[in-house]
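Contents: one structure, followed by commentary.
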Amino acid sequence: MVISREMEVLGMKKKKWYSYIAIFNHEDNGINISFPDLPGCLSCADMDEEAIRKAKDAMGLYMTVLEDDGGEIPKPTALKDIQLGKNDVPFLVEVFMPEVRANIKDMYIKEL
């Protein structure tokens, strides 16, 4: 059985999964999280486990906004082409979008 990585939503193709490299920059006061391919998609954390969770949350929300606004989905940069600075660690972040979309919908309904 082949699982499609895309789904049809309101006549528009939306992916089920997105994968991008995040950069975890370890500093004395915590971890700064950025995505070279997703300008403005940022977060921060105190510990690695928290950084992984927050990176997934930030990327999921970022991709939802891009989809909803009809923005262009950037092509992921290959790991070998990612520029790293001092204290930078690359981390592959994968997000299952149907779950992200459902969580956002649930939050919206609860607020009504």
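Just so you know, all these numbers are worked out from the coordinates, no wet-lab data involved. It should be emphasised that the depicted structure is a prediction, and the values quoted were computed from it without experimental measurement.
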How big is the Rg/Rh ratio for region 13-102, C-alpha atoms only, Rh by Kirkwood, two decimals? 0.97
Mind checking which lysines have their Cα closer than 23 Å to the Cα of Lys105? Skip sequence neighbours fewer than 8 apart in that chain. Lys13, Lys14, Lys15, Lys16, Lys54, Lys56
